[in-house]
Each structure stands twice: as structure tokens, then as C-alpha cells.
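Engineer: Mind having a look at this structure? Questions to follow.
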Amino acid sequence: MSEERMESMEDYVAELEASFKRVRVGDILTGTVISVTDTQVLLDLKSYAEGIIDKENLSNDPDFNMKEEIHPGDEITATVIQTDDGEGNLVLSRKEANDTLAWEHLRELRDSRKVVEVRISEIVNAGAVAVLEGMRGFIPASRLDASYVENLEEWNGRTIPVTVIEADEAKNRLILSGREAAREKRDEEKKRQIAKCEVGAVMQGTVETIKPYGAFVELENGLSGLVHISQISQKRVSHPGAVLKEGQQVTVKIISVADGKIGLSMKAVEANEAEDEEVFNYHEKGEATTGFAELLKGLKL
């Protein structure tokens, strides 16, 4: 029994010390709702004074209904904006606390580059607007998708994954970007498509770009692969541009699929065609039939 009394006394002393802790303007406190009126919320802060939040300091939402959304027993976190309202109560603002906590979270998202989803609520000049953590964020047209978006209106109302690239509370500046998430999704889809490509398949393609080491070819399935200079022809090629040009239609064979890259060969197609020609010439020049005399040869009648 003595131990129980000792524990109760220690708890009481700790709570008493907390109740006399000096509170300053700007402190963020959490209290329990005691009552809700048409104009104010009264909080128990377990301190020397109770807290009051006026209706205009509760929410930025003009349609916010205090009595429907706040009830006795609810916990509310708010910022101290006045240490005495003239009657000994602390005056608090949940809006200000929400803003402070929101900017803290936005900075965390910026530093971690975590992907979050937002809904585009408005199209403005050179970009779009989306709300994140209650803050209005701007998404430049160049960062809305994997590449620059020309028709912004098509994006209005869409929900897209974004990262926070700038969160400046002092300037009230929040910049978001959907480009990184979109490119990552595009690259993952490309890798899945490449993984489905069969080594040995022969496809049609178009030469996209020519480099000293080879040519990049866009295949008929929309993917691109590299024809290394050593795989362009069975004959020695000094430079890919000597035998290929951009926009040229070519036939290639997939010779490798690794690390999200496709290796192509024109030389292998030449070799296959040469083999087919040899087989065709053999049948053309060889004896395809046996004469009647040959069939009777050796038979004893």
C-alpha cells in the first residue's frame, strides 16, 4: 500500500510541476476539449490556465462546422498566440499549429524525396496547383510528367504521384514535381517490356541515332536497342554513318537482353539470309527426283 501511495504522490508532483511550467507565445500545446460553443473551443491543458481557441483560429476551411467536427474529449494541438486573454486563459490557434507542423512535414518530405499523391485542383500559367498538407503547391509544366506537358487542361482533376522539391515556409513557397515519379514508372515499365523480349527474335526497326560505337534502333514494339558497330555487317565498317542513316528502316535480330538494355545485330540477319540462300541454291542445283530407271535398278523381275 505504501508503494502505491508513493507512486501516486510522484505522479501528482510531476503533474503539479507541469502545470506551473512557463508557457510562451509560439509554444505548441496539446489539450483535451472540455466544451464547444458556437464561437469557441475550451481546452484542458493540464496547466495553470485553460486554453481557448476562437472559431477563426480553428480552420482555413470556410465551411468548417465546429460542433460537427469537434467534441468534448477530443485532443487538439494548437499554438499559443496570447498568454492571457484578460481572464487568465491561454489563447491558442490550431490553424497556426497546423501550418507549423505542416511545414515541418513538408521539409521532411523534401529531404527524404518520398513520393506522395496529390490531386490537381487548378491549372495556372505555366503549371498546375495541388494542395499538400493544407498548403498550396505549384507544379511547373516541365515537371508535371516524364516530359514537358503541352495541354495542361487535360491534367486538371487528376491525382498524380509527386515529390517535394522546395518547401520554404518564410516565403510560403511550395514546389512539387511529378517528373521523377513518372520517369521511374516509365523506366520500370520499359524494363518489364524488355524482359519479355526474346533473344533470337528478328524484328523491323528504324535507326534513331548514330554514334561512333554503333546505332540506336527503335523496334516495331516501341523499344530501342543498340546495334554495336561490330554487329552492323559481316564486312568491316569504319563508322556506322558510312552504311546507315537516321530514319533508315532496318531488319535486326535481338542477341541480348540484360540490365534493361537490348543488344541488336544486323550481321546476324545477314548470316541467316546467307544460309537460307545456300539451302535454296542446293535444292535448285541438286537432283530433286529419281528417274524411273533408277527405281527399277537392282530389282529382279
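Engineer: With a cut-off of at least 1 residues that are surrounded by fewer than 19 Cβ atoms within 10 Å (Cβ to Cβ) and assigned by TED's automatic domain parsing to the domain that holds Leu264, name the strands (runs of 3 or more DSSP E) lying wholly within region 163-242.
Structural biologist: Here the list reads 202-211, 214-219, 224-228.
Engineer: Another question, if that's okay. Being of a type outside the set (D, E, K, R) and in a loop (DSSP other than H, G, I, E, B) is the filter here, so list the residues in region 82-121 that pass it.
Structural biologist: Listed by number, the residues that qualify are Thr83, Gly86, Gly88, Asn89, Val115.
Engineer: Would you confirm whether or not region 112-124 contains a residue that is surrounded by 13 or more Cβ atoms within 10 Å (Cβ to Cβ), touching a residue at least 60 places away in the same chain (Cβ under 8 Å) and aliphatic (A, V, I, L, M)?
Structural biologist: Yes, that holds for at least one residue.
Engineer: Can you name the residue in region 187-216 that is among the charged types (D, E, K, R) and in contact (Cβ under 8 Å) with a residue 24 or more places away in the chain and, of all such residues, is nearest to Glu270 (Cα to Cα)?
Structural biologist: This residue is Glu198.
Engineer: Looking at region 32-81, which of its residues are within 19 Å of Thr100 (Cα to Cα) and assigned to a loop (DSSP other than H, G, I, E, B)?
Structural biologist: Answer for region 32-81, where residues must be within 19 Å of Thr100 (Cα to Cα) and assigned to a loop (DSSP other than H, G, I, E, B): Leu58, Ser59, Asn60, Asp61.
Engineer: Continuing with the same structure: For Lys267, state whether it is in contact with a helix residue (DSSP H, G or I) (Cβ under 8 Å, 6 or more places away or on another chain) and surrounded by 17 or more Cβ atoms within 10 Å (Cβ to Cβ).
Structural biologist: yes
Engineer: In region 57-77, is there at least one residue being out of contact with any Pro (no Cβ under 8 Å at 6 or more places or on another chain), under 28 Å from Phe138 (Cβ atoms) and among the hydroxyl-bearing types (Ser, Thr, Tyr)?
Structural biologist: Scanning region 57-77 turns up at least one residue that is out of contact with any Pro (no Cβ under 8 Å at 6 or more places or on another chain), under 28 Å from Phe138 (Cβ atoms) and among the hydroxyl-bearing types (Ser, Thr, Tyr).
The values are calculated or read from the model by the stated rules, or taken from the named source; none is laboratory data. Treat the numbers as computed from the prediction; the structure is a model and nothing was measured. No Cβ is skipped: glycine too gets one built from the backbone with ideal geometry, and neighbour counts run over all protein chains shown.
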